[in-house]
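See below for the structure under consideration.
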Amino acid sequence: MTRRFHWERLEQFTEKLFEKAGLPKQDAKTVAESLVEANLRGIDSHGVVRTGIYMQRIEAGMISIHEEMEVNEDGPVILLDGKNHIGAVVGDKALQLAMDTTKKHGVSLVGVKGSNHFGTCAYFLQKALKEDLAMIILSNASQTMPPTGGIRPFIGTNPFSFAAPAGKHNDFILDMATSVVARGKIINAAQKGEKIPLTWAVDKFGNDTTDAEEALQGAVLPMAGPKGYALSMFIDILCGVLTGAGFGQYVNNMYENWKDPQNVGHFYIGINISKFMPMEQFKERMDQYFDEIKAEPKAPGTSEIYIPGELEFRCKEERRKKGIELPLKVEEELRNWGDHFGVDLDRALISIEEVVE
């Protein structure tokens, strides 16, 4: 049976692991927070399941956790060299630069090179929303998706994200891969021994498959066929070609390449809404927009029309109350790391009394 963990204590456990691995306390907190936030929002493919591979790369010297990042700034245009630091920390540094610059200039363009896998874009977007800023965040990724007409991986499932604040409604948060599904969900299915839908991926010979293990040996498919492929290229051009980071085959796979840094690239576009209209007016217009969408006639079997980010918000509320359920393999891996560093995972378990409360 799978067990549930209290989100805050799971975050503390994960933070302690990264501290034991050598990260400064604030950096460890950032990484742990980003992972558990993904679990809270129901994006388990990017949650604490990633702890193990991050830890392995740190211990193998594949991530430079003490390097000082380099910032080159020219007005609203900034290039950040993450110096191969752990991805969530690089991503958070880029976000702070983007927010500060957006407040000052009304807009910001922050390109990032020398980064690693940084988790979900939504983690950073939510911080921008607290500052009443709209934000676009893009990232490239290692080869897991074929170009349309190809059979082997060449481009990443490069995510596209955008967030804007609302008033009475939940904020708008779009965070999506340019593949049919994030590859992490296939990894999750493989860990659980579950089949995947036939439309998600192909095996190494280019054949459709429902076998998660075969899919991991093959390639995940682009969303909307050639449109998803083109969007992924667009993101790779901004995040990789333009910034000086890796692109295409030069973004190294964190699970397979143990010789070279990942050199992931990101791209942040900040928008100061108050430069266009008063913030309250914008939020009122967003609420009106959402109200009208939700009032639209519903298709048979549909009880409610959702706004992007709304389901994740509701999931977060529920998991804060009832706990985060972890697959047995993920729990076992975390427990092994905990035993290795003398950190007790069982302290993060949620009690029946806490669920009732």
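Key figures for this structure:
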quantity: Unmet requirement for GLY225, which otherwise passes all of (1) exposed (fewer than 13 other Cβ atoms within 10 Å of the Cβ); (2) modelled with pLDDT of 95 or more; calculated: (2)
quantity: Unique residue being under 18 Å from ILE155 (Cα atoms) and open to solvent by less than 50 Å² (accessible area, probe 1.4 Å) when the list is ALA212, ALA177; calculated: ALA177
quantity: Those residues of the stretch 85-110 which are over 15 Å from the mean Cα position of the chain (by Cα), of a type in the set (A, V, I, L, M, F, W, C) and either surrounded by 23 or more Cβ atoms within 10 Å (Cβ to Cβ) or at pLDDT below 95 (or both), in sequence order; calculated: ALA98, VAL110
quantity: Cβ pairs under 7 Å, 6+ apart, first in the stretch 308-321 and surrounded by 16 or more Cβ atoms within 10 Å (Cβ to Cβ), second acidic (Asp, Glu) and assigned to a helix (DSSP H, G or I); calculated: none
quantity: Residues (within 17 Å of PHE162 (Cβ to Cβ) and of a type outside the set (A, V, I, L, M, F, W, C)) located in the stretch 293-319; calculated: TYR306, PRO308, GLY309, GLU310, GLU312
quantity: Residues (touching a His at 6+ places or on another chain (Cβ under 6 Å) and more than 21 Å from GLN126 (Cβ to Cβ)) located in the stretch 72-116; calculated: PRO76
quantity: Residues within the stretch 158-172 that are open to solvent by 20 Å² or more (accessible area, probe 1.4 Å) and either at pLDDT below 95 or under 21 Å from the mean Cα position of the chain (by Cα) (or both), tallied; calculated: 6
quantity: Residue check for PHE276: more than 21 Å from LEU138 (Cα to Cα) and out of contact with any Lys or Arg (no Cβ under 9 Å at 6 or more places or on another chain); calculated: yes
quantity: Single residue of the stretch 145-154 satisfying the filter (farther than 25 Å from ASN39 by Cβ and in contact with a strand residue (DSSP E or B) (Cβ under 9 Å, 6 or more places away or on another chain)) that is least open to solvent (accessible area, probe 1.4 Å); calculated: PRO146
quantity: Subset of the stretch 250-261 that is open to solvent by 20 Å² or more (accessible area, probe 1.4 Å) and in contact with a strand residue (DSSP E or B) (Cβ under 9 Å, 6 or more places away or on another chain) - its residue that is nearest to THR144 (Cα to Cα); calculated: ASN252
quantity: Subset tally (residues that are over 20 Å from ASP339 (Cα atoms) and acidic (Asp, Glu)) for the stretch 9-31; calculated: 1
quantity: Any hit, the stretch 336-354, residues being surrounded by fewer than 17 Cβ atoms within 10 Å (Cβ to Cβ), under 23 Å from the mean Cα position of the chain (by Cα) and over 22 Å from PHE18 (Cβ atoms); calculated: no
quantity: Residues of the stretch 280-307 classified as of a type in the set (Gly, Ala, Ser) and open to solvent by 80 Å² or more (accessible area, probe 1.4 Å), total; calculated: 2
quantity: Given (1) assigned to a loop (DSSP other than H, G, I, E, B); (2) open to solvent by 50 Å² or more (accessible area, probe 1.4 Å); (3) modelled with pLDDT of 95 or more, index of the condition LYS204 fails; calculated: (3)
quantity: Residue match in the stretch 52-68 (condition: under 27 Å from LEU349 (Cβ atoms), modelled with pLDDT under 95 and surrounded by fewer than 21 Cβ atoms within 10 Å (Cβ to Cβ)); calculated: no
quantity: Counted residues, the stretch 326-342 - those being without any contact (Cβ under 8 Å) to a residue 24 or more places away in the chain and either acidic (Asp, Glu) or outside any helix (DSSP H, G or I) (or both); calculated: 2
quantity: Hey, GLY42 under 17 Å from the mean Cα position of the chain (by Cα), surrounded by fewer than 23 Cβ atoms within 10 Å (Cβ to Cβ) and more than 28 Å from GLY270 (Cβ to Cβ) or not; calculated: no
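The values are calculated or read from the model by the stated rules, or taken from the named source; none is laboratory data. Here the structure is a predicted model, which is why all the values come from computation and not from measurement. All Cβ positions, even for glycine, are placed from backbone atoms using ideal geometry, and neighbour counts span all protein chains on display. Just the protein is used for accessible areas: all its heavy atoms, side chains included, with ligands, DNA and RNA removed. Shrake-Rupley method; radii C 1.70, N 1.55, O 1.52, S 1.80 Å.
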